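First the structure, in the form of structure tokens, and then the observations on it.
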Amino acid sequence: MASGLHQSDFKNPVVRWIDARLPVFTMMEKEYGTFPTPRNFNYLWNFGALAMVTLLIMIATGIFLAMNYTPHVNHAFDSVERIMRDVNYGWLLRYVHANGASMFFIVVYVHIWRGLYYGSYKAPRELLWMLGVVIFLLMMATAFMGYVLPWGQMSFWGATVITNLFSAIPLVGDSIVTWLWGGFSVDNPTLNRFFSLHYLLPFVIVGVVFLHVAALHITGSNNPLGIDPKGPQDTVPFHPYYTVKDSVGLVAYFVVFAVLVFFFPNLLGHPDNYIPANPLVTPPHIVPEWYFLPYYAILRAVPNKLGGVVLMFSSILILFVLPWLDTSPVRSMRFRPIARIALLLWTVAFFVLMWCGSQPPEGIAVVLARIGTAYYFAYFLVILPLLGWFERPLPLPESIARPVLRGGGPLPAGATSKPMEKA
Amino acid sequence: MFGFRFSLRGGRSALRALAVAGGLLAASPALAAEGEIAIPNANFSFQGLFGTFDRAAVQRGFLVYKDVCAACHSMQQLYYRNLQEIGLSEAQVRAIAASVEVQDGPNDEGQMFERPGRPSDRFRRPFPNEQAARAANNGALPPDLSVITKAREGGANYIYALLTGYSDPPEGVTLMPGMSYNKYFPGHQIAMAPPLSGEGQVEYTDGTKATVEQMAHDVATFLAWASEPEMEVRKALGVRMVLFLTILGCLAYAVKRKVWADLH
Amino acid sequence: MAETLATHPGAPLGAEAAHGAEPEHGGGKRRDFLKLVTGAFAVVGTGAIVWPFISSMNPSRDVLALSTTEVDLSPIQVGQAVTVVWRGKPVFVRHRTQQDIEAAQQVPVSELRDPQTDAQRVIKPEWLVMIGICTHLGCVPLGQKPTDPHGDYGGWFCPCHGSHYDTSGRIRKGPAPKNLVVPPYTFTSDTQIRIG
């Protein structure tokens, strides 16, 4: 074999020829074939793969929708209706794309929650976690700009309200808002740039997802016990064990997705977005899409404009420092009796905030939003840092295989990080 | 096993999150609309997972729209050709289109001109622009009805309730000049005068008696079709999709059990 | 539920294993057959998902609805030609002179690259209607205006690559393989045609 070529183990001569020059097959085999994966995943570990598939669905439907969409204030609404009525299967593409955004957030919220519950953000996976938060932020920006494109009433007023958040910045706020708009109100230049960025950002997300997965494959996956695999008996090759398990989850996910798209396509939308945008009339009750409601509640919980904006952005940015706020060395909340309750309460607070965000800012909704906001931050800033010192975790199992197999036993330390041999 | 039990619970809590999210959205308008009367269910043929549009009702509803609503309300997203989808023949559609004059042009002399409509024309607008519509309607803008059942909480039920919800104002309520009292309209004062009177307004060809309730029900059915013409195809495809995925899911689960069997 | 799901495919699989070569590996066969069926389902499903995407790029219903164009012939004098738009393409409508018609009819069909008689290309001899797009690579030939070059055969001349068409729009010289295409049209009255 000529020097400089990759040593390929593949039998098929074509595959071998390519692999020797560009070892993509070896890479795929290593990362998705033999990749040693903890054997004790539960179905919550499906959600990363589901998120990846959803991203691809969104990009595919989005590209085909863009072939028929017109980013102009006079034509955007009509072009969307033309997609719904005249383009072959246009209604399907649009409903999959619109509901796909909701499904994407559901999946990612479960994915994040799984990370919170099983301590997937802790060393050595801090950077993996932070890349995930970057993906989440990019998703939010993409979803927000996508919602503006149909140019309905909620599109227009959502864009107006959210871009106006930046006017809270002292001194330069108003200039920034004008710059964002490309004018003195949300108008055609705004719609055009939002379309451009809405098309671009998903591909940026793909890039960060690639880094996210690359980082994952350095540290390996966390697992429901939160302890490191101690040898080959603790892991299984990714294929076929997790490819097939992910497939089961994927089909179940598609059933939910299909029910939403085919039978309740407008359930998660807002009727006002079927009214063409009118810059002179604000709808009586503006609400963002459901996935932004908790943050919207936090924004409104503070009676000060700048304070509300800062708190709202902090509620997500705080996730970046979470790996250092949680001082407990135990990852999985299965073994943290107090932290588990604290996290479940945090989950309740999240849903309470979601409800508050959907309500007019008055009466009980404001009180609940303040309590929810206080607890949301207290969990990260007070409870987690202190619990590391006060909480007494339950005894950890010796290894992953032990509670599963009742055998195995401790292995030499050298076997810990050795990848599984090819079967 | 503790671990597995919890994973199940985790899965269920994810579902609950979805349900809560859905529930919130469904609940929020009801709560937001304090002081309004709940919209009754008008029992349409297209409700439910397998519901379809009652073609005869849609055709009658189109007649109501054409003879009553179209005087003020546009339906700009619809073309005359779309009427073939509700069971009218091509000749009937051509005749309906040809009965209106639409503007076309410019011609070779650079002038706009009027010509009889064609099936490929959009429904004719009653007013050339928003200002003209407002000027003719006491300052109020009659909304475009193309997607109206998707653009209002309650959909077709709301349309039916609104059209049948006119009454004299209760004691103590003073109406603004030119306004009518309607218990289902937000704020109860609506600029649209009661559009349906029932006395020979519309000549139904199939012998149905054109009462106010009947006309309201028919036109609400027509508007629901106009808003979601893809609904029947969508639901039929959905049923097949879910059945297919259920079988595929069972198969995938069986394969999963087989693959994992040698590990346990 | 899990049990019933797992055992349900057993019946046909057992039959499969019965005429299989190695009955002792029934478990393996069964898994393989299951995988095959599941894989086939997944492939069908993927195909079904791909189709709407492909289909969405075909002409939409509003485009198809505009597929007829009506032309009033009365203002077109003998020897004149107009160009109208049908499906976004130029359509040549020429009111041919008697010389044009005779020239077109006298050509022996055997000499033609794309043999067609003039009668096959017109409904009424004085009206020639055809899509004004060169069959070579899609340019619009010259020859509609009296001042245009008409090529060596008195019809049309494509400036892109030098194709010459005669007074019936048939290819006579140059790289084009086919005659100019005659679109479907009907006379709705003596002076009006509907294309499409």
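The values are calculated or read from the model by the stated rules, or taken from the named source; none is laboratory data. Owing to the predicted nature of the structure, the values given are computational and were not obtained by experimental measurement. Quick reminder, even Gly has a Cβ in these numbers, built from the backbone with ideal geometry, and neighbours come from all protein chains shown.
Some notes on this structure:
- Exactly one residue among A:Thr70, A:Thr61 is within 14 Å of chain C (Cβ to nearest Cβ), surrounded by 20 or more Cβ atoms within 10 Å (Cβ to Cβ) and out of contact with any Pro (no Cβ under 6 Å at 6 or more places or on another chain), and that residue is A:Thr61.
- Of all residues making up segment A:246-257, the number that are surrounded by 22 or more Cβ atoms within 10 Å (Cβ to Cβ) and either free of Cβ contacts under 8 Å to residues at least 12 places away in the same chain or in contact with a strand residue (DSSP E or B) (Cβ under 7 Å, 6 or more places away or on another chain) (or both): 3
- All positions within segment A:207-245 that are among the acidic types (Asp, Glu) and surrounded by fewer than 22 Cβ atoms within 10 Å (Cβ to Cβ): A:Asp228
- Contact annotation: residue pairs with Cβ atoms under 7 Å, 6 or more positions apart or on different chains, pairing a residue in segment A:266-291 that is surrounded by fewer than 14 Cβ atoms within 10 Å (Cβ to Cβ) with a partner that is in a loop (DSSP other than H, G, I, E, B), are A:Pro279/A:Ser185.
- Complete set of residues in segment A:13-66 that are part of a loop (DSSP other than H, G, I, E, B) and either within 30 Å of A:His198 (Cβ to Cβ) or in contact (Cβ under 8 Å) with a residue 60 or more places away in the chain (or both): A:Thr34, A:Phe35, A:Arg39, A:Asn40, A:Phe41, A:Asn42
- B:Asp168 meets the stated requirement of being of a type in the set (Asp, Glu) and over 25 Å from the mean Cα position of the chain (by Cα).
- Residue within segment A:212-229 that is within 14 Å of chain B (Cβ to nearest Cβ), in contact with a Gly (Cβ under 9 Å, 6 or more places away or on another chain) and part of a helix (DSSP H, G or I) present: no
- Where a residue in segment B:136-163 is more than 12 Å from chain A (Cβ to nearest Cβ) and its partner, wherever it lies, is in a loop (DSSP other than H, G, I, E, B) and among the hydroxyl-bearing types (Ser, Thr, Tyr), with Cβ under 7 Å and at least six apart: B:Ala161/B:Tyr184; B:Leu162/B:Tyr184
- Any chance B:Ala132 is more than 14 Å from chain C (Cβ to nearest Cβ) and of a type in the set (A, V, I, L, M, F, W, C): yes
- Number of positions in segment A:258-283 that are in a helix (DSSP H, G or I) and touching a strand residue (DSSP E or B) at 6+ places or on another chain (Cβ under 9 Å): 3
- Within the option set B:Ala226, B:Ala216, B:Ala236, B:Ala220, being crowded, with 23+ Cβ neighbours inside 10 Å, modelled with pLDDT of 95 or more, within 14 Å of chain A (Cβ to nearest Cβ) and under 29 Å from B:Gln77 (Cα atoms) holds for one residue only, B:Ala226.
- A search for C-beta distances below 7 Å between a residue of segment C:83-108 that is crowded, with 17+ Cβ neighbours inside 10 Å and any residue that is in a helix (DSSP H, G or I), counting only pairs 6+ apart in sequence or on different chains, returns C:Ala104/C:Asp118.
- Residue pairs meeting the criteria (Cβ under 7 Å; at least 6 apart or on separate chains; first more than 19 Å from B:Glu85 (Cα to Cα), in segment C:49-78; second assigned to a helix (DSSP H, G or I)): C:Pro52/A:Leu92; C:Pro52/A:Leu93; C:Phe53/A:Ala60; C:Phe53/A:Phe64; C:Ser56/A:Phe64; C:Ser56/A:Gly90; C:Ser56/A:Leu93
- Any hit, segment A:80-93, residues being facing another protein chain (nearest Cβ under 8 Å) and in contact with an Asp or Glu (Cβ under 6 Å, 6 or more places away or on another chain): yes
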